[in-house]
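Colleague: Okay, here's the structure, questions in a sec.
Each reported figure results from applying straightforward, stated rules to the coordinates on display, with no laboratory input. From a predicted model like this one, the values you see are computed outputs, not experimental measurements. Heads up, the Cβs are rebuilt from the backbone with ideal geometry, glycines too, and the neighbour counts pull from every protein chain shown.
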Amino acid sequence: MFLDNFILIAQQVLVLFILIAVGFACGKAGMLTEHASKKMTDVVLYIVTPCVMVNAFQREFSVELLGQVFLAAGIAALILALSIVLVKLVFHDKNVARKKVLQFAVVFSNCGFMSLPLQKALLGDDGQFFGSIFVAIFNVFCWTYGLVDMSGDRKQLSLKKIVLNPGIIGVVAALILFVCRVQLPVFAAEPVRHLANLNTPLPMLIIGYYLSKADFKKAFTDAGAYVAMAIRLAVIPLAVLFGMAPFGLDRNMVIAFVIACSAPTAATTTMFAAKFDRDVALSVNIVTASTVFSIITMPAVVSLAYTVCP
């Protein structure tokens with residue numbers, strides 16, 4: 001059973017990594033540039049991600065489903081909060097710039113770019129639905145705790161940055177349509193659906209481009225990075241699986257959250273490290289190495305989730 005699930009899930013992960021390989025090749029060939037990748041990232045963040053959220057919530061309203069939304073949001077917040085506590089206990093590096101990167105890299109996974117396509121492929125609309133909720137809570141934590149912790153400056157915290165975050169805007173719009181029982185007409189729903197479908201190829205090409213610029217030798221020789229990756233790729237997703245499974249929660253929610261938590265380190269780690277003068281090289285190493293290792297760890301962890309939650 002586990003082996004069958006592993007093969008099935010590995011095939012889906014392999015699809016993502018083939019797309020990443022295309023981005024890698026384009027980066028090496030000069031077909032993708034730094035400028036182009038940044039613009040593609042803007043398209044994903046400001047157009048594709050909100051469309052994913054709206055598309056995921058285009059379903060028939062029910063009080064029970066609304067309750068599932070709030071339950072899933074609460075569990076996602078608890079997972080991230082406990083992850084923060086964990087990294088504070090584990091990492092005590094005297095080099096503050098290094099410590100901040102290690103802590104951020106563990107707490108924040110690539111749950112938008114890497115997880116949503118896999119959740120959609122494996123679990124269908126329900127997977128994308130619960131995945132979107134996790135991404136929304138992720139964005140709140142990233143632009144509050146993550147921003148302040150990485151910068152070391154509480155003044156960086158801004159209500160405007162939270163409210164205008166594209167992930168939050170998308171969820172708020174999606175929730176309003178859902179609660180008000182508004183189904184988009186076909187001429188609007190179809191463009192939203194097509195744009196949402198871009199959430200698989202575009203992010204993978206972007207990841208591939210950045211991998212093409214990474215120093216793989218350095219990425220695989222940092223002991224601290226290995227500890228961070230072990231927690232990011234194995235400890236947290238397994239804790240989420242065995243923490244949620246006994247409570248009779250919706251199976252798709254459990255598996256969707258395990259997928260979100262098994263994703264490699266978020267590329268935001270490098271963005272914040274560069275912005276706030278932290279250890280940029282270390283952040284690149286962790287993002288690179290965790291992405292490569294995830295081709296094995298994600299299928300293994302998610303296959304176990306399917307075995308525990310048949």
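Colleague: Run the quick spin-label model on Val63 and Gln12: label points 7 Å from Cα toward the beta carbon, then report their separation in nm to one decimal.
Modeller: 3.3
Colleague: Still on this model: Anyone know which of Thr41, Thr291, Thr270 comes out most mobile in the 10 Å Cα GNM of the chain?
Modeller: Of the options given, Thr41 has the highest mean-square fluctuation.
Colleague: With n ≥ 4 as the cut-off for DSSP H runs, can you work out [θ] at 222 nm for the chain, using -39500 (n - 2.57) per run divided by the number of residues, rounded to the nearest 500? Before the final figure, lay out the partial values.
Modeller: Working: 17 runs with 230 residues, N = 310.
That comes out to -23500 deg cm²/dmol.
Colleague: When only Cα pairs under 8 Å and 6 or more residues apart are kept, what is the percent relative contact order across the chain?
Modeller: Reported relative contact order: 35 percent.
Colleague: Something else: Give me the distance in nm between label points sitting 7 Å out from Cα along the Cα-to-Cβ direction at Val85 and Leu3, one decimal.
Modeller: 4.0
Colleague: Then there's this: For Ser151, Ser303, what's the fewest-to-most ordering of other Cβ within 10 Å of each Cβ?
Modeller: Numbers: Ser151 17, Ser303 20.
Lowest to highest Cβ neighbour count: Ser151, Ser303.
Colleague: Please identify, among Ala223, Ala97, Ala196, the residue showing maximal mean-square fluctuation in a Gaussian network model of the chain using a 10 angstrom Cα cutoff.
Modeller: Highest fluctuation among the options: Ala223.
Colleague: With respect to the cross-link table entries Lys38/Lys217; Lys39/Lys213; Lys94/Lys218; Lys94/Lys160; Lys100/Lys217, which display a Cα-Cα separation exceeding 27 Å?
Modeller: Values: Lys38/Lys217 25 Å; Lys39/Lys213 17 Å; Lys94/Lys218 21 Å; Lys94/Lys160 33 Å; Lys100/Lys217 22 Å.
Listed pairs above 27 Å: Lys94/Lys160.
Colleague: Counting other C-beta atoms within 10 Å, which of Leu16, Leu249, Leu164 has the fewest, and how do the rest follow?
Modeller: Working: Leu16 22, Leu249 16, Leu164 11.
So the ranking, lowest neighbour count to highest, is Leu164, Leu249, Leu16.
Colleague: Same structure, new question: Size of segment 31-115 along its principal axes in angstrom, Cα-based, largest extent first?
Modeller: Answer, in whole Å and largest first: 52, 42, 15 Å.
Colleague: If r is the Cβ-Cβ distance from Phe247 to Val172 and R0 is 35 Å, what FRET efficiency results, to the nearest 0.05? Provide the component values of the computation, followed by the final result.
Modeller: Details: r = 28 Å, r/R0 = 0.81.
With R0 = 35 Å, the Cβ-Cβ based efficiency is 0.80.
Colleague: Relative to the longest principal axis of the chain, what angle (0 to 90°, nearest 10) does the C-alpha long axis of helix 280-308 take?
Modeller: Tilt of helix 280-308: around 40 degrees.
Colleague: Using only the Cα atoms, what convex hull volume per residue in Å³ does segment 244-286 have?
Modeller: Values: hull volume 3.7 nm³, N = 43.
Spelled out: Cα convex hull of segment 244-286, divided by residues, is 86 Å³.
Colleague: Leu164 to Ala73: extension gain in nm, 0.36 nm per residue of separation minus the Cα-Cα distance?
Modeller: Working: separation 91, 0.36 × 91 = 32.76 nm, distance 1.92 nm.
Full extension of this stretch gives 30.8 nm more.
Colleague: Based on other C-beta atoms within 10 Å, arrange Glu60, Glu190 from fewest to most.
Modeller: Working: Glu60 8, Glu190 11.
The most exposed by this proxy come first: Glu60, Glu190.
Colleague: Calculate, in whole percent, how much of the Cα-Cα pair population of segment 171-211 lies beyond 16 Å.
Modeller: Tail fraction, whole percent: 55.
Colleague: Figure the gain on full extension for Asn95 and Arg181 (residue separation times 0.36 nm, minus the Cα-Cα span) and round it to one decimal in nm.
Modeller: Values: separation 86, 0.36 × 86 = 30.96 nm, distance 5.19 nm.
Length gained, Asn95 through Arg181: 25.8 nm.
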